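Right, one structure below, let's go through it.
The values are calculated or read from the model by the stated rules, or taken from the named source; none is laboratory data. As the structure is a prediction and not an experimental result, all values here were calculated from the model. Neighbour counts run over all protein chains shown; Cβ positions are idealised from the backbone, glycine included. Note: accessible area is taken over every heavy atom of the protein model, side chains too, but ligands, DNA and RNA are not part of it. Shrake-Rupley method; radii C 1.70, N 1.55, O 1.52, S 1.80 Å.
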Amino acid sequence: DGNRVLPFRTALMGAAECEVGKDAEGRALHVPVQPISISYVGLNGVPMGRENRPLFAWYGDMDLVPHLWEAVKTGPFDAVVEFHAPLTVDVAGDRKALAAMTEAIVRAGQARALAGLYWDTPHTKPVRRFGRPGKLAKAPA
């Protein structure tokens with residue numbers, strides 16, 4: 001619903017167990033996974049409350065395109081997109097541990113964004129207002 005992160009499905013991390021080569025010492029290299037937090041923080045230029053986040057969050061068995069269209073029609077919105085450091089099963093150990101690690105990282109990113117702390121992280125992109133081309137949100141004072 002945009003207010004919390006749902007549990008990650010470990011089966012979806014199965015592709016991360018595929019080997020993509022060997023390092024200089026002959027150890028297997030695996031597919032990297034890029035955790036990304038996307039948080040909706042504003043609507044029509046004001047902070048977004050809990051009641052409006054479900055209009056933008058995509059979850060469950062929703063059809064993506066119709067849902068996105070409805071979100072765009074709602075009005076200009078602010079989103080925080082945080083790209084976290086990539087991970088592999090080499091770091092985590094297995095796909096289940098990788099799913100748990102990425103879930104915790106994404107959940108922490110969302111918590112920072114919803115608390116207004118998104119300017120304090122090195123991998124966070126500036127907040128961009130969607131729906132009004134060319135208008136950027138300003139950093140908090």
Q) So which of Leu43, Leu29 is under 24 Å from Arg112 (Cα atoms) and hydrophobic (A, V, I, L, M, F, W, C)? A) Leu43
Q: Restricting attention to strands (runs of 3 or more DSSP E) lying wholly within region 15-89, give those where 3 or more residues are touching a residue at least 40 places away in the same chain (Cβ under 8 Å).
A: 28-30, 36-43, 77-83
Q: Pull up region 1-27, narrow it to residues that are open to solvent by 30 Å² or more (accessible area, probe 1.4 Å) and of a type in the set (A, V, I, L, M), then point me to the one that is farthest from the chain's Cα centre (by Cα).
A: Ala24
Q) Scanning region 58-96 for residues that are of a type in the set (A, V, I, L, M) and modelled with pLDDT of 90 or more, which turns out farthest from Leu12 (Cα to Cα)? A) Ala85
Q.
Among (1) at pLDDT 85 or above; (2) surrounded by 12 or more Cβ atoms within 10 Å (Cβ to Cβ); (3) within 29 Å of Ala100 (Cβ to Cβ), there is one condition Gly42 misses while meeting the rest; what is its number?
A. (3)
Q: Hey, can you tell me all the residues within region 64-122 that are farther than 17 Å from Pro35 by Cβ and in contact with a Lys or Arg (Cβ under 8 Å, 6 or more places away or on another chain)?
A: Pro76, Phe77, Asp78, Asp120
Q.
So for region 102-115 (the condition being outside any helix (DSSP H, G or I), over 30 Å from His30 (Cβ atoms) and aliphatic (A, V, I, L, M)), does at least one residue qualify?
A. yes
